[in-house]
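This report concerns only the one structure given below.
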Amino acid sequence: MQLPRDPSNVAHALVAAFPTRLVGDVQSVLAVMPEARLAPMTPFEVEVQGETVAIPSRIYNEEPGADLGRPLAETQQVILHCLYSRHHDGWVRQRHLEQMVASGEPWVVPFVVQLAGEYVLEILEAIGRGLPGLTVPGSAQRRLYGEFIARNPAFFARTERRVVSYWSCYYRWKYGAFGTYPGCVLLEAFRAAVVEQVGAQWPRHMPRLPLADAGERPA
């Protein structure tokens, strides 16, 4: 399902992907973005620091030229990269992810976690490179992601199931053991982050490690 092809609705859909305090910044970003060829795909909702945002599954705007992006302030640049991390082209998603994955802004986190549940292997690897602190106990990155997952358990559970599904469908031939798949490595780091945040075990919606036999079925 897609939103109506009314430009005002397209703008509303993109503004809704960020906390309300960023409305002005998002509008500045939209001013440099080419008009969308298609309306954004149905959004997914998550909570960011007590506020619900609705992030498009995909957007269809061409990228702005480099000269158009330059006038944007630092926060606006990050917003632009977040939006294009939802682009329908995987190469575009990866390019913009690499520009914003290390951000410490809480509203960036759902864009990154959503990409962890998608199928492009190079994107999974880029997330791992961009979040070195995720595996460090007590680090700022670990707290940031642990807090987000604690607020969004259903979203994280859905992400887990998607990672297992994409591994089984596309990458099982390359990673016979689920535990060696980059998506699983990310999930385990996210899980450690939320366990540290809440001080308790967290529900698991993927195979228990190790899943070494390539003939085994994921749970």
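The values are calculated or read from the model by the stated rules, or taken from the named source; none is laboratory data. Predicted, not measured: the structure shown is a model, and the values here were computed from it. As a convention, Cβ positions derive from the backbone with ideal geometry for all residues, glycine included, and neighbour counts pool all protein chains shown. To get the accessible areas, we keep the full protein, side chains included, count just its heavy atoms, and leave off ligands, DNA and RNA. Shrake-Rupley method; radii C 1.70, N 1.55, O 1.52, S 1.80 Å.
Name the pairs: first residue in the range 190-205 and open to solvent by 50 Å² or more (accessible area, probe 1.4 Å), second residue assigned to a loop (DSSP other than H, G, I, E, B), Cβ to Cβ under 7 Å, at least 6 apart or on different chains?
Sorted first by the residue in the range 190-205, then by its partner, the pairs are Glu196/Pro137.
For the structure I just gave you, tell me whether Val53 is open to solvent by less than 10 Å² (accessible area, probe 1.4 Å) and hydrophobic (A, V, I, L, M, F, W, C).
yes
Do any residues in the range 11-23 that are assigned to a loop (DSSP other than H, G, I, E, B) have Cβ atoms under 8 Å from those of residues that are surrounded by fewer than 19 Cβ atoms within 10 Å (Cβ to Cβ) and among the aliphatic types (A, V, I, L, M), where the two are at least six apart or on different chains, and which pairs are they?
Listed pairs, sorted by first residue: Ala16/Ala54; Ala17/Ala54.
Per-residue answers, yes or no, for (1) farther than 19 Å from Ala116 by Cβ; (2) under 20 Å from the mean Cα position of the chain (by Cα):
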position: Arg21; (1), (2): yes, no
position: Ala31; (1), (2): yes, no
position: Arg37; (1), (2): yes, no
position: Glu45; (1), (2): no, yes
position: Gln49; (1), (2): yes, yes
position: Thr52; (1), (2): yes, yes
position: Ile55; (1), (2): no, yes
position: Ala73; (1), (2): yes, no
position: Val78; (1), (2): no, yes
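Give the residues of the range 79-106 that are in contact with an Asp or Glu (Cβ under 7 Å, 6 or more places away or on another chain) and either among the charged types (D, E, K, R) or closer than 21 Å to Leu124 by Cβ (or both), sorted by residue number.
Tyr84, Val92, Gln94
What are the residues in the range 51-66 that are without any contact (Cβ under 8 Å) to a residue 24 or more places away in the chain and more than 20 Å from Asn152 (Cβ to Cβ), if any?
Listed by number, the residues that qualify are Gly65, Ala66.
Within the set of pairs 6 or more residues apart or between chains, which connect a residue that is assigned to a loop (DSSP other than H, G, I, E, B) inside the range 25-50 to a residue that is of a type in the set (Ser, Thr, Tyr) with Cβ atoms less than 6 Å apart?
Pairs found: Ala36/Tyr60; Arg37/Tyr60; Leu38/Tyr60; Thr42/Ser57.
So Glu105 ticks every box in (1) farther than 18 Å from Ile59 by Cβ; (2) buried (at least 20 other Cβ atoms within 10 Å of the Cβ); (3) in contact with a Ser or Thr (Cβ under 9 Å, 6 or more places away or on another chain) but one. Which box is left unticked?
It fails just one condition, (2).
Conditions (1) in contact (Cβ under 8 Å) with a residue 12 or more places away in the chain; (2) farther than 16 Å from Ser103 by Cβ; (3) open to solvent by 70 Å² or more (accessible area, probe 1.4 Å), marked per residue:
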| residue | (1), (2), (3) |
| --- | --- |
| Glu122 | yes, yes, yes |
| Gly130 | yes, no, no |
| Gln141 | yes, no, no |
| Phe148 | yes, no, no |
| Arg158 | yes, yes, yes |
| Val164 | yes, yes, no |
| Tyr170 | yes, yes, yes |
| Gly179 | yes, yes, no |
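Taking the condition of being hydroxyl-bearing (Ser, Thr, Tyr) and closer than 16 Å to Thr159 by Cβ, how many residues in the range 176-206 meet it?
Matching residues across the range 176-206 total 1.
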